[in-house]
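The values are calculated or read from the model by the stated rules, or taken from the named source; none is laboratory data. Nothing here was measured: the structure is a model prediction, and the numbers come from that model. Reconstructed Cβ throughout: ideal geometry from the backbone, glycine too, with neighbour counts over all protein chains shown. Protein only, heavy atoms only, side chains kept; ligands, DNA and RNA dropped before computing areas. Shrake-Rupley method; radii C 1.70, N 1.55, O 1.52, S 1.80 Å.
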Amino acid sequence: MSLFFSRRPGRRPSAVGGALLALLAVPTVTLAQIPNAGTAEGHEAEMPAVEAGPFDNGKMWTFEYPPTSHFQEAYDLAPDEAWWTKARMAALRIPSCSASLVSPNGLVMTNHHCAREFVSQVSREGESLLDHGFYAASLDEERPVEDFTADQLVDIVDVTDEVYAALEGIEDNQARSARREEITEEIAARIREERGGEDAGVDVEMISLWNGARYSAYVFRQYDEVKLVMAPELQIGFFGGDPDNFTFPRYNLDMSFFRIYENGEPLQTDTYFEWDQDGVVEGEPIFIIGNPGSTSRLQTVAELEFRRDAADAGVLAFVRSRAELLEEFTAAHPEVAESLDLRNEAFSLRNSEKAYGGILKGLSDPAIIARRADAERRFQEAIDASPELATEYGGRIQRMAELQDQKRPEAGGYFAFLGMTAPKYASATLRRALYGFQYLQMQGRVPDEALEEVKDEFLAVEQLPPELDEALIRARIEDLQLGYGEDAPFLQEMLAGRTPEGLAAVVHQSSVLSDSAGAVAALENGMLSMADPALEFFSGFLRPFGAFQTVLAQTGPEEEEIAAALGRAHFEVYGTDVPPDATFSLRIADGVVTGYDYNGTQAPIHTTFYGLYDRHYSHGDAGEWALPERWLDPPATLDLSTPINFVATADIIGGNSGSPVLDRDLRVVGLVFDGNIESLPGDYIYLPEHGNRSVSVDARGILAALDHVYDADRLVVELTSGQLVPTEAEADAMR
């Protein structure tokens, strides 16, 4: 399940907007808690002599700049226009994940972990489909899901010249950033209208490549009439749980199926990926098509070192804290937690915890930093060698380093203030206090329209269970202690001799903002005042909060402009030979099926159902490795030597979850769902020679499970023949 991600397209990790801070909705430990963490100076002294590799920036190729020569040289493959069109049109983007069309009848394949919230959503009273699984034995039994959209990329329009024409002559960083956002919105709106707009199911998204060196308008056909067809039990869809997450060998059936409908009928399409029943073999080239969410391979070494020491370290501490809190609440209040879907939230947080732990481990590796430093040195030399490039981009890398140094005095904020507006990771009481404080400060000073926007945010805060809300207030106090130290004067004043638990109890039990109805009444009746305990709490840390916010506001716009300039420089030096960072836009990643050395031994290319049962019984038939009931006595027809998971060198990151794995003829050989531990530094460097592998469900394992364990003949027939069968009985009769 490791391929979840939280950043939206084109957002840099340091971007900040609005009058009040909302850094990350989800995502953090002091340097002493991070293995091998150290100072930037220390790492510079320890850097070994390491050279950058030709594919350190990865292989997430875009469809507007296809890697035709690379495919020809590496695989003797020369795809024609029809190949590229099919590859683009049969791939889909769904909420936070990727997916694909795998039949001419709108059948969509993605991961189980991408479907979890929708499985919970369609569970009826008395059902727990997340635990027991779901299969629609007939077309009529497929269950409609809400808030699910499937985006199909139907066209790409290069709008780079139009964007830069609008930016010409604007030198101020903030003005340039504002104009960039304005012009891209204008272009997207115009193209959307030209293509028929919402009535035609058309959406347009502006995609920035190489941090703004190129701009493309992606035109999507958006489908929102979708039904759930099949999802296995959580215990097999996330087999091994968090301990097995980001590992291999792996034994996971992380799959699910939906169906797109159009005007009440299954979507009819000629563009879909057919099924390869033969599977993969050692050394075979494969291609993963999906929407990797965010990478940072164009960041400077100074930016990476700041992430190691502050930004990402803060995220890790936050994730770890909130995961523990939600798990404790779920154990104490299972029914309430299930109604709030907190189990899925905790899974996602534990996933992020492991991911950021691996990211930080890589950032603390002198060899990796040295490799990135060598690439940066070569890049700087290329800039310096050209008078034109030197004039335009000289000194930018050094200036980015200076900006990181400016942020270091306020690094405590990255541990203290993350996720302040996150619905399930921050107290509802304190979120109301944040908006209430802003509302009171703005009264009489801003137009009514601006005041109403803040009021709407205040009113939109949903009530949380009292025990959970109070625990989240305590967690915020602990965040402040972690960031600024327990002896910080402002904290001592806030606590006034109380423990974090004691202060949290006072704030929650005494504030009118702890109850949604009372909070609304107080705001609308003009009774809300700064004397409210929750507002006093917020005021207590306003000084460090304001200082943190100020330094980000001062550095953020310039960081963004320098990153854009360096992106343009990178494109001018290397062109399309080096792909751009991921932006949750459609990419194709190539690789080969091959094992790797790990833990003193060698990982095979694939695992089998034999290994699944060994894992189950070796762990004593308990915990994360306990198989669902229907799997305990497998039918004799299930060949236990059938591959279930396999690895390849294809370049993936969060957002690639649910991407199809295809052979050279664009037939499905697998379904990617994870990367291994060695892949985690892939956020900022791609190192397949060091064991970076994508982990996928094998197409053969998917079919075997559907056929022999779930008796889902209707799906088996559709996947292998493309034929839509209305009922299971009819499918049985055909086999």
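Values for this structure:
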item: Subset of segment 111-129 that is outside any loop (DSSP other than H, G, I, E, B) and in contact with a helix residue (DSSP H, G or I) (Cβ under 9 Å, 6 or more places away or on another chain) - its residue that is surrounded by the most Cβ atoms within 10 Å (Cβ to Cβ); result: V119
item: Residues located in segment 222-240, provided they are open to solvent by less than 20 Å² (accessible area, probe 1.4 Å) and in a strand (DSSP E or B); result: V226, L228, V229, M230, A231
item: Which numbered condition M89 fails, given (1) within 29 Å of K227 (Cβ to Cβ); (2) within 21 Å of the chain's Cα centre (by Cα); result: (2)
item: One residue from E536, E558 being at pLDDT 95 or above and open to solvent by 10 Å² or more (accessible area, probe 1.4 Å); result: E536
item: Close pairs (8 angstrom Cβ cut-off, 6 or more residues apart or separate chains): acidic (D, E) in segment 532-557, open to solvent by less than 40 Å² (accessible area, probe 1.4 Å) anywhere; result: D532/A433; D532/G436; D532/S511; D532/L513; D532/A522
item: Among the residues listed as V301, V219, the single one being more than 30 Å from P104 (Cβ to Cβ), among the hydrophobic types (A, V, I, L, M, F, W, C), surrounded by 18 or more Cβ atoms within 10 Å (Cβ to Cβ) and at pLDDT 95 or above; result: V301
item: Qualifying residue in segment 298-311 (condition: part of a loop (DSSP other than H, G, I, E, B) and closer than 30 Å to A82 by Cα); result: no
item: Unmet criterion (only one of (1) buried (at least 21 other Cβ atoms within 10 Å of the Cβ); (2) modelled with pLDDT under 95) for R343; result: (1)
item: Test: residue in segment 665-685 that is under 27 Å from F246 (Cα atoms), in a loop (DSSP other than H, G, I, E, B), in contact with a strand residue (DSSP E or B) (Cβ under 8 Å, 6 or more places away or on another chain) and of a type outside the set (D, E, K, R); result: yes
item: Residue match in segment 658-681 (condition: closer than 20 Å to F248 by Cα, surrounded by fewer than 20 Cβ atoms within 10 Å (Cβ to Cβ), within 26 Å of the chain's Cα centre (by Cα) and charged (D, E, K, R)); result: no
item: Residue pairs meeting the criteria (Cβ under 9 Å; at least 6 apart or on separate chains; first on the phi < 0 side of the Ramachandran plot, in segment 352-365; second assigned to a helix (DSSP H, G or I) and polar (S, T, N, Q)); result: G358/S679
item: Some residue of segment 280-295 being open to solvent by 30 Å² or more (accessible area, probe 1.4 Å) and in contact with a strand residue (DSSP E or B) (Cβ under 8 Å, 6 or more places away or on another chain); result: yes
item: Residue in segment 143-156 that is farther than 28 Å from S256 by Cα, out of contact with any Gly (no Cβ under 8 Å at 6 or more places or on another chain) and not acidic (D, E) present; result: yes
item: Scan of segment 150-201 for residues that are in a helix (DSSP H, G or I), over 17 Å from A217 (Cα atoms) and open to solvent by 70 Å² or more (accessible area, probe 1.4 Å), ordered by number; result: Q174, D199
item: Answer residue from segment 638-657, given it is closer than 16 Å to L612 by Cβ and of a type in the set (S, T, Y) and is surrounded by the fewest Cβ atoms within 10 Å (Cβ to Cβ) among those; result: S641
item: Among the candidates L430, L491, L503, residue that is aliphatic (A, V, I, L, M), surrounded by 24 or more Cβ atoms within 10 Å (Cβ to Cβ) and modelled with pLDDT of 95 or more; result: L430
item: Positions within segment 272-297 being assigned to a strand (DSSP E or B) and in contact with a Phe, Trp or Tyr (Cβ under 7 Å, 6 or more places away or on another chain), in sequence order; result: P285
item: Segment 252-271, residues that are surrounded by 24 or more Cβ atoms within 10 Å (Cβ to Cβ), of a type outside the set (A, V, I, L, M) and not in a strand (DSSP E or B); result: N252, D254
item: Evaluation of S96 against (1) of a type outside the set (A, V, I, L, M, F, W, C); (2) modelled with pLDDT under 95; (3) surrounded by fewer than 18 Cβ atoms within 10 Å (Cβ to Cβ) (one fails), failing number; result: (3)
item: Hey, F584 under 27 Å from the mean Cα position of the chain (by Cα) and not in a helix (DSSP H, G or I) or not; result: yes
item: Residues located in segment 75-110, provided they are assigned to a loop (DSSP other than H, G, I, E, B) and in contact with a helix residue (DSSP H, G or I) (Cβ under 8 Å, 6 or more places away or on another chain); result: L77, A78, P79, V102, S103, N105
item: Only listed residue being in contact with a Leu (Cβ under 9 Å, 6 or more places away or on another chain), within 29 Å of E51 (Cβ to Cβ) and open to solvent by 20 Å² or more (accessible area, probe 1.4 Å), chosen from K361, K354; result: K361
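Quick grid of which residues meet (1) of a type in the set (D, E); (2) touching a helix residue (DSSP H, G or I) at 6+ places or on another chain (Cβ under 9 Å); (3) under 17 Å from G567 (Cβ atoms):
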{"site": "F287", "(1), (2), (3)": "no, yes, no"}
{"site": "S296", "(1), (2), (3)": "no, yes, yes"}
{"site": "A302", "(1), (2), (3)": "no, yes, yes"}
{"site": "E305", "(1), (2), (3)": "yes, yes, no"}
{"site": "D309", "(1), (2), (3)": "yes, yes, no"}
{"site": "G314", "(1), (2), (3)": "no, yes, no"}
{"site": "F318", "(1), (2), (3)": "no, yes, no"}
{"site": "S321", "(1), (2), (3)": "no, yes, no"}
